């Protein structure tokens, strides 16, 4: 019985000592650091929703501010749930230019900007509403 209580007190003492050491080691750290965050690139001309006709061209050509065009890489992704290979609807380039031949429904899409100088990725979501080129007769 004495042996067990001796082990418990040793464990408690070592735990208390390690906590005191940890607290004193963090005392000098005041946490007042200077962070120089890069400016977030601003995408001008990217709407929240685009209307496209089945079989028609879809061209999205935004402009970029706060960053040089040669410092970024653009990746366009269109989420197509019924697609077997999702990478089929991934495009690269500063503009999205494609013939849109999907079903007539709403698709989620994303523009990913990769800053080549520091590796930071910026995400811009939008939607594409696909419509049929038929008129409704009443």
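Here are some notes:
- Hits in region 109-121 - residues which are out of contact with any helix residue (DSSP H, G or I) (no Cβ under 7 Å at 6 or more places or on another chain) and either under 16 Å from residue 47 (Cα atoms) or surrounded by 16 or more Cβ atoms within 10 Å (Cβ to Cβ) (or both): 109, 110, 111, 112, 113
- Where residue 98 falls short, out of the listed (1) in a loop (DSSP other than H, G, I, E, B); (2) touching a residue at least 12 places away in the same chain (Cβ under 8 Å); (3) over 28 Å from residue 39 (Cα atoms): (1)
- Note on region 85-95: residues that are surrounded by 10 or more Cβ atoms within 10 Å (Cβ to Cβ) and part of a loop (DSSP other than H, G, I, E, B) amount to 3.
- Residue identified as within 27 Å of residue 40 (Cβ to Cβ) and part of a strand (DSSP E or B) among 77, 130, 70: 77
None of the figures in this text is laboratory data; all of them are computed from the coordinates on show. Note that the structure is predicted; figures quoted are calculated from it, not measured. Every residue, glycine as well, gets a Cβ built from its backbone with ideal geometry; the counts of neighbours run over all protein chains shown.
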